[in-house]
Amino acid sequence: MVFFSESLGIPSLRVLAQKLLEVLFDYEIEKEPLLFHVFSNAGAMLYRYVLELLQTHQCFCHLRVVGTIFDSGPGDSNLVGALRALAAVLEHRPAALRLLLLVAFTLVAVLFHVLLAPLTALFHTHFYDKLVNAASRWPELYLYSRADEVVLARDVERMVEARLAHQVLVRSVDFVSSAHVSHLRDYPTYYTSLCVNFMRSCVHC
């Protein structure tokens, strides 16, 4: 549902983003270095609102963010990838129901993209474009794979180039053969070392 609400310009994840940041205060760790680990497009959509709150909400402006790791994202509009993700979620459902839901999703997605996207663009910026031009300047690590059939590698690479153009310290790693959000499962030691080393460099930056 979040994909549709975002397409319609309904900021359904803004409340969740605020609750996420408020948890830091609940656990009294708001003064500690903060590193975000963002998974896929749903995570990127949520992160978009986290960034907005960090810049506009007085309560969160002093939080010390040191870096962000993106795993399998962010990706630009990709209907085929979205269908593959939905098919994976529906894998254990009856075949007839799975087909019905996939067809319905395709029709609604095309309707949104063709008819409603031009209208919502007047008052709502797509999360991918928002992240391209984000004001944040802390380091970013992009972990992706050219074998990912949900979020295309070229979308991640385009994001990397855009963030570098904004003078952000960026590193990216192409795992080549691992599927969507499967890099840790397929390469546990390498993935962990990348994340730990990045975290250490961010904290001591």
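The values are calculated or read from the model by the stated rules, or taken from the named source; none is laboratory data. Note that the coordinates shown come from a computational prediction; the quantities given were computed from them, not determined experimentally. In this analysis, Cβ positions are derived from the backbone assuming ideal geometry, glycine residues included, and neighbour counts consider all displayed protein chains. Each accessible area value is taken on the protein alone, full model and side chains, heavy atoms only, with ligands, DNA and RNA left out. Shrake-Rupley method; radii C 1.70, N 1.55, O 1.52, S 1.80 Å.
Structure notes:
- Where a residue in region 119-138 is farther than 21 Å from residue 66 by Cα and its partner, wherever it lies, is modelled with pLDDT under 75 and assigned to a loop (DSSP other than H, G, I, E, B), with Cβ under 7 Å and at least six apart: 120/8; 120/9; 123/9; 124/9
- Answer residue from region 20-42, given it is out of contact with any Asp or Glu (no Cβ under 8 Å at 6 or more places or on another chain) and part of a helix (DSSP H, G or I) and is surrounded by the most Cβ atoms within 10 Å (Cβ to Cβ) among those: 41
- Scanning region 145-161 for residues that are open to solvent by 20 Å² or more (accessible area, probe 1.4 Å) and either assigned to a strand (DSSP E or B) or of a type in the set (D, E, K, R) (or both) turns up 146, 149, 154, 157, 158, 161.
- Screening region 1-19 for residues that are at pLDDT below 85 and not in a loop (DSSP other than H, G, I, E, B) and picking the one that is farthest from residue 153 (Cα to Cα) gives 5.
- Considering only residues in region 174-205 that are among the aliphatic types (A, V, I, L, M) and assigned to a helix (DSSP H, G or I), the one that is farthest from residue 74 (Cα to Cα) turns out to be 203.
- Whichever residue in region 145-161 is farther than 19 Å from residue 191 by Cα and hydrophobic (A, V, I, L, M, F, W, C) and, among such residues, is modelled with the lowest pLDDT: 150
- Cβ-Cβ under 7 Å pairs, at least 6 apart or on other chains, region 150-168 side under 15 Å from residue 133 (Cα atoms), far side β-branched (Val, Ile, Thr): 159/132; 160/170; 162/132; 163/170; 164/170
- Residues that are in contact with a strand residue (DSSP E or B) (Cβ under 8 Å, 6 or more places away or on another chain) and not hydroxyl-bearing (Ser, Thr, Tyr), drawn from region 127-144: 138, 139, 140, 141, 143
- In region 195-204, the qualifying residues are those that are loosely packed, with under 15 Cβ neighbours inside 10 Å and out of contact with any strand residue (DSSP E or B) (no Cβ under 7 Å at 6 or more places or on another chain), and the one that is farthest from residue 154 (Cα to Cα) is 204.
- Residue count for region 162-194 satisfying the condition of being open to solvent by 20 Å² or more (accessible area, probe 1.4 Å) and either at pLDDT 95 or above or among the hydrophobic types (A, V, I, L, M, F, W, C) (or both): 23.
- Test: residue in region 45-55 that is in contact with an Asp or Glu (Cβ under 7 Å, 6 or more places away or on another chain), modelled with pLDDT of 90 or more and in a helix (DSSP H, G or I): yes
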